[in-house]
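First comes the structure, then the notes that go with it.
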Amino acid sequence: GESVGLHLPTLSVQEGDNSIINCAYSNSASDYFIWYKQESGKGPQFIIDIRSNMDKRQGQRVTVLLNKTVKHLSLQIAATQPGDSAVYFCAEKGHNAGNMLTFGGGTRLMVKP
Amino acid sequence: GAVVSQHPSWVICKSGTSVKIECRSLDFQATTMFWYRQFPKQSLMLMATSNEGSKATYEQGVEKDKFLINHASLTLSTLTVTSAHPEDSSFYICSARDFQGAQPQHFGDGTRLSIL
């Protein structure tokens, strides 16, 4: 079946720096994408989403970029803080998938003080 | 905002016993709930889609007789792991679909299941 994302790599950044987390997807029919943050022992927490008719969306300290040409999604976190340390997952929804989500492999973000 | 409560958050039991996990939508009605399993350092894998008033839809490779799902009301779905064995030890996460909300799913905080 089609899949989303990378296997779990680790990104280590210095507090205050910007972080960029990447995700590749393979389902060209996907029309909606979400970034989730998962802290240890907890469920995924919604961060930001983007629809396929957009290529950029900004939230508070976070920006999601979507490149449909190469099926690539990224999450940018500005001024990374220790509280941002977690595993980040991208998820995609196909056009005819109802609300069913497919999760990518995740990236562990470690913020060094 | 929409809240999904999962209970218990952590359970340890002996091999061969059955364990029930509850997933509740606290402030919205959820005709559809999802059950995921997550192994350490891995992503969430969808196990089944739970539909209120009807049978659950299981993903390929998930044994329906092993993982019994009941969605008897608009706010509660349960997952029962029957005759659990050590290989069933995992982090089980539920989510609920909120038709009125902006997000497609709201997630519970998961249940850590350890089978001895």
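Take the conditions surrounded by 17 or more Cβ atoms within 10 Å (Cβ to Cβ) and over 24 Å from A:Gln45 (Cα atoms) and apply them to B:Phe107. Does it pass? Taking the combined requirement at face value, the residue does not satisfy it. With a requirement of 3 or more residues that are crowded, with 22+ Cβ neighbours inside 10 Å, the strands (runs of 3 or more DSSP E) lying completely within the range A:41-112 that satisfy it span A:72-77, A:86-94.
Here the condition is being aliphatic (A, V, I, L, M), over 13 Å from the mean Cα position of the chain (by Cα) and either at positive phi or at pLDDT below 95 (or both); of B:Ala96, B:Ala102, B:Ala56, B:Ala84, it holds for B:Ala102 alone.
Taking the criterion of being in contact with a Phe, Trp or Tyr (Cβ under 8 Å, 6 or more places away or on another chain) and assigned to a strand (DSSP E or B), the residues of the range B:7-55 that qualify are B:Ile21, B:Cys23, B:Trp35, B:Tyr36, B:Arg37, B:Gln38, B:Met45, B:Leu46, B:Met47, B:Ala48, B:Thr49, B:Ser50.
Count, please, the residues in the range B:13-30 that happen to be within 11 Å of another protein chain (Cβ to nearest Cβ) and surrounded by fewer than 15 Cβ atoms within 10 Å (Cβ to Cβ). Walk me through how you get there before you give the answer.
Step one: list which residues in the range B:13-30 are within 11 Å of another protein chain (Cβ to nearest Cβ), which gives B:23, B:30.
Next, from what is left, pick out any that are surrounded by fewer than 15 Cβ atoms within 10 Å (Cβ to Cβ): none.
Total satisfying the criteria: 0.
Answer yes if at least one residue in the range A:83-98 is modelled with pLDDT of 95 or more, more than 9 Å from chain B (Cβ to nearest Cβ) and out of contact with any Leu (no Cβ under 7 Å at 6 or more places or on another chain), and no otherwise. There is at least one residue in the range A:83-98 that is modelled with pLDDT of 95 or more, more than 9 Å from chain B (Cβ to nearest Cβ) and out of contact with any Leu (no Cβ under 7 Å at 6 or more places or on another chain).
Close Cβ contacts (under 8 Å, 6 or more residues apart or on different chains) running from residues in the range B:99-115 that are within 10 Å of another protein chain (Cβ to nearest Cβ) and farther than 15 Å from B:Arg24 by Cβ to residues that are modelled with pLDDT of 95 or more and not in a strand (DSSP E or B) comprise B:Arg112/B:Ser9. Taken over the range A:15-40, the criterion of being in contact (Cβ under 8 Å) with a residue 60 or more places away in the chain and not in a strand (DSSP E or B) is satisfied by A:Glu15, A:Gly16, A:Asp17, A:Asn18, A:Asn27, A:Ala29. Could you list, in sequence order, the residues of the range B:66-91 that are surrounded by 14 or more Cβ atoms within 10 Å (Cβ to Cβ), of a type outside the set (A, V, I, L, M) and more than 10 Å from chain A (Cβ to nearest Cβ)? Residues satisfying the conditions are B:Lys66, B:Phe67, B:Asn70, B:His71, B:Thr75, B:Ser77, B:Thr78, B:Thr80, B:Thr82, B:Asp88, B:Ser89, B:Ser90. Considering B:Lys14, B:Lys20, B:Lys55, the condition of being farther than 21 Å from A:Phe89 by Cβ and without any contact (Cβ under 8 Å) to a residue 40 or more places away in the chain is satisfied by B:Lys55 alone.
The values are calculated or read from the model by the stated rules, or taken from the named source; none is laboratory data. Please read these numbers as outputs of a predicted model, since none were measured by experiment. Counting neighbours? That spans all protein chains shown, and the Cβs are built from the backbone with ideal geometry, glycine included.
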